[in-house]
Amino acid sequence: MNDAAPTPEDLDTLSLQLGRPVRDVVEIPARCRCGSPLVAATAPRLSSGIPFPTTFYLTHPTLTTAVSRLEAAGVMAEMTQRLTEDPELAKAYAAAHRNYLSERERIRQLAGLEPVWEIDGVSAGGMPERVKCLHVLLGHRLAVGPGINPLGDETLDLISDEWTPQTCTCDTAWDHQAEVPTRELSRHERRLREKDPS
């Protein structure tokens, strides 16, 4: 039995957090101290057939907003520059990339999927050579714990004024009384419908 398997309540919460129906969630690998999801582990191939490399998807609005502010402040460019200058950091980040691939393989097997050749060897967030998405790095860090993704660890430290693992902002982070979204808004699904309107 998978203790991290999402419950129907988890799926509703994720949909409210994201403002759209959640898709193909295999695990809830990180939770707030109150039990609400922080991160969803998504199958590497969606039920629509689309390959999906972002295994660990950061969902909690407090965290996603805080991380977006970091990205807007230019933190990703600074981290990418440091990867070119600090061999130890680059080595640790490359190890994080390998861990991400290993975790995706675990999630793939848990979901009972065939290998997803389109994303073979490709992790997410710019790993292993650059930083393209801090949401990915923090999602990875929260899912697998400290000491695996050095820039995920740093991202968590950088948002500590707004959120820490000891904090709970769930009461006000999303509308708990709203109707759970049922209309798919993702660009991937829209593209599929445009190609095949049936």
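When the stretch 8-195 is described by a simple charge dipole with +1 on each Lys and Arg Cβ and -1 on each Asp and Glu Cβ, the residue from 170, 77, 147 located farthest towards its positive end is 77.
Ranked for footprinting exposure by Cβ neighbours inside 10 Å, fewest first, 160, 48, 15 give 160, 48, 15.
Taking the Cβ of each residue in 129, 78 as the centre, tally the other Cβ atoms inside 10 Å and list the residues starting with the fewest. Provide the component values of the computation, followed by the final result.
Details: 129 13, 78 10.
Starting with the residue having the fewest Cβ neighbours, the order is 78, 129.
Taking the Cα centre of the chain as reference, the dipole from Cβ charges on Lys and Arg (+1) and Asp and Glu (-1) amounts to some 460 debye. Spacing of the modelled spin labels on residue 50 and residue 4, each 7 Å from Cα toward Cβ, amounts to 2.3 nm. Only one residue of 125, 96, 112 has its Cα farthest out toward the positive end of the dipole of the chain, where Lys and Arg carry +1 and Asp and Glu -1 on Cβ, and that residue is 112.
Going from the fewest other Cβ atoms within 10 Å to the most, the residues 119, 28 appear in the order 119, 28.
Full-extension gain between residue 81 and residue 109, please, as 0.36 nm times their residue separation minus the C-alpha to C-alpha distance. Can you show the working numbers first?
Values: separation 28, 0.36 × 28 = 10.08 nm, distance 3.55 nm.
Result: 6.5 nm gained on full extension.
Every number here is computed from the coordinates shown, using simple stated rules; none is lab data. If you're wondering where the values come from, they're calculated on a predicted model, not measured in any experiment. Ideal geometry is used to build each Cβ from the backbone, glycine not excepted, and the neighbour counts take in all protein chains shown.
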